[in-house]
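The values are calculated or read from the model by the stated rules, or taken from the named source; none is laboratory data. Note that the coordinates shown come from a computational prediction; the quantities given were computed from them, not determined experimentally. Every residue, glycine among them, receives a Cβ derived from its backbone with ideal geometry; neighbour counts consider all protein chains shown. These accessible areas exclude ligands, DNA and RNA; they are computed on the full protein's heavy atoms, side chains included. Shrake-Rupley method; radii C 1.70, N 1.55, O 1.52, S 1.80 Å.
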Amino acid sequence: MTATDPRDLADLRPRLPSPLQEVVDGRFERHGVRLLLKRDDLIHPALVGNKWRKLAPNLAMVGGRTVVTFGGAYSNHLRAAAAAGRLLGLSTVGVVRGQELAGLPLNPSLARCAADGMRLHFVDRSTYRRKAEPETLAALLRAVDAGPAGDAVVIPEGGSNAEAVRGCRALGAELGEHADVAALACGTGGTLAGLAAGLPRGRRTLGIPVLKGGFLTEDIRRLQDRAFGGPSGTWSLDDRFHFGGYARTSPRLDAFAEDFERRHGLPVERVYVAKMLYALLALTREGAFPRGTTLAAVVTGRPFP
């Protein structure tokens, strides 16, 4: 198998380690909690946030083959994969959840994917749920004319596989001893699985799922099994802050995000980052963090467009 020249990835000039920024916020300070922002949204202008960490290990194995990956209509992962394809001269195909979208104008997120050269293939939701099954995957690869599985690089939804998890371990190493608790919003769980493994002993990771359903615990355990052969690091999830599900919001969440933006001059992405920050403030007020705790909130993306 031919690998992508590592110099090609280096030429994209990621900003690593990403900056660690302290924010002074009285709502946390009055409870004795210090808040840091791990600015992964500044790693790369096109491969935003944690997408660089998850995609880079997979792209290193592509060679000249077609990349096939998966996501919903507003997937940050699809946009990042499409941008990587444009920047590295790779052919990319995005399998999009929702056959009903095929005849409609592209939303801004999918339009960006198409502008970056990604071929979009829409499938019904039932087929999408079965996409990891060998027969379904083989049929999808035939439908997008990517050849059999051995002739295409298949990257799962959200980019979360063993390679991505091992890549995200560096996030924990970068945080090191700077924080007692590292928190992030979770979609597929790959970033959390790697972050928890990379943190030093005595530190813990807190995940805020942005999808409802309570399924991530087992997914993260499976990802760590595949990446490291078993559990690694200390982590937990709080499922109370999904605001109805993926890409769902509310006037209350929007008002919180707008207030945080005014206070700290940081554009707050709504699908992931707003829910995570909202959760951290709610948990702080509940007394979930002992006085003297330093929180590091991982900013995994920025608003789009």
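Normalising the Debye intensity of the range 1-122 to I(0), with uniform scatterers on Cα atoms only, and taking log10 at q = 0.15, 0.16, 0.20 Å⁻¹ returns -0.73, -0.79, -1.04. Altogether, the Stokes-Einstein calculation at 37 °C and 0.692 mPa s, with the Kirkwood radius of the range 177-236 over Cα pairs as Rh, returns a diffusion coefficient of 286 µm²/s. Rolling a 1.4 angstrom probe over the range 217-284 with all protein chains present gives an accessible area of which 48% lies on carbon and sulfur atoms.
Here the Karplus curve 6.51 cos²θ - 1.76 cosθ + 1.60, taken at θ = phi - 60°, turns the phi angles of the range 38-49 into couplings of 8, 7, 5, 5, 9, 4, 8, x, 9, 9, 6, x Hz, with x standing for Gly and Pro. Heavy-atom accessible surface of Glu157, to the nearest 10 Å², is about 60 Å², with a 1.4 Å probe and all protein chains retained. Based on Cα atoms of the chain, Rg over Rh with Rh as the Kirkwood radius reads 0.96. Using the 1.4 Å probe convention, the accessible area of the chain works out to 44 Å² per residue with neighbouring protein chains retained. Residues whose amide H falls under 5 Å from that of Gly301, counting only those 5 or more places apart or on a different chain, are Asp41, with hydrogens built in the peptide plane.
Considering only Thr127, Leu283, Tyr272, the residue lying farthest towards the positive end of the dipole of the chain is Leu283, judged by Cα position with unit charges set on Cβ. Projecting each Cα onto the charge dipole of the range 18-95 (Lys/Arg +1, Asp/Glu -1 at the beta carbon, about the Cα centre), which of Ala56, Thr92, Ala80 comes out farthest on the positive side? Looking along the dipole axis, the top candidate is Thr92. Straight-distance candidates among the lysines for linking to Lys38, with alpha-carbon spacing under 17 Å and chain neighbours fewer than 8 residues away dropped: Lys51, Lys54, Lys275.
Here the dipole of the range 125-283 is about 300 debye; that uses its Cα centre as origin and unit charges on the Cβ of Lys and Arg (positive) and Asp and Glu (negative).
Note on the chain: with charges restricted to the Cβ of Lys and Arg (+1) and Asp and Glu (-1), its dipole about the Cα centre is near 320 debye. Which log10 I(q)/I(0) values, to two decimals, does the range 224-280 give at q = 0.14, 0.15, 0.28 Å⁻¹ under the Debye formula with one point per Cα? Each listed q maps to, in turn, -0.50, -0.55, -1.09. The 3J(HN,Hα) values that the Karplus relation (6.51, -1.76, 1.60; θ = phi - 60°) gives for the range 67-74 are, in residue order, 9, 10, 9, 9, x, x, 5, 10 Hz. Gly and Pro appear as x. Accessible surface for Met61 stands near 60 Å², nearest 10, in the context of the full protein assembly shown (1.4 Å probe). Heavy-atom accessible area with a 1.4 Å probe sorts Trp235, Trp52, largest first, into Trp235, Trp52.
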